[in-house]
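For reference, the structure discussed in these notes is given below.
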Amino acid sequence: AELLSGGVTLPRRELASPAPAGALAWGDAAHQPVVLRCGLDRPAALTPTSVTRVISDVQWLEVAEGDSATWYVVDRPVYVALTVPSDAGTGPLQDVSATVRDTLARGPVDTTG
């Protein structure tokens, strides 16, 4: 229901209708939203030479986009993306990593598509 971001607890935020299946957002008037999407295609940026990062036993690929970054879970049976503003801190990644770790079985990373 809530997500820690930059030391602030953000409430769930309504998505514009029609909201895509598998998408959630958190935020308030003072903070850019943090958006979670599940069931995506393999990210095009995932290649054999991609640098990934392990957080709470979950492997992520970061794709920077201006003043935010989208982090993709790449070692589970479905791709999950978490888009966070640059000032969000590590809370969203840690919280989502723990949930992914406890919910989805780890699998191989597919860097070839």
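None of the figures in this text is laboratory data; all of them are computed from the coordinates on show. It should be emphasised that the depicted structure is a prediction, and the values quoted were computed from it without experimental measurement. Don't worry about glycine lacking a Cβ; one is built from the backbone with ideal geometry, like all the others, and counts go over all protein chains shown.
Here are the numbers for the structure shown:
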read-out: Taking only Cα atoms of the chain, radius of gyration then Dmax in Å; value: 13.7, 41
read-out: Dipole magnitude of the chain about its Cα centre (Cβ charges: Lys, Arg +1; Asp, Glu -1), debye to nearest 20; value: 240 debye
read-out: Spatial separation of Cα centroids for segment 26-47 and segment 82-104, in angstrom; value: 10 Å
read-out: Contour minus Cα-Cα distance for Ser50 and Ala98 (0.36 nm per residue); value: 15.0 nm
read-out: Under 5 Å, built H, 5+ apart or other chain: amide partners of Asp75; value: Gln59
read-out: For segment 92-106, Karplus couplings with θ = phi - 60° (6.51, -1.76, 1.60), whole Hz, Gly/Pro x; value: x, 5, 5, 4, 5, 4, 4, 5, 4, 4, 7, 10, 10, 5, 6
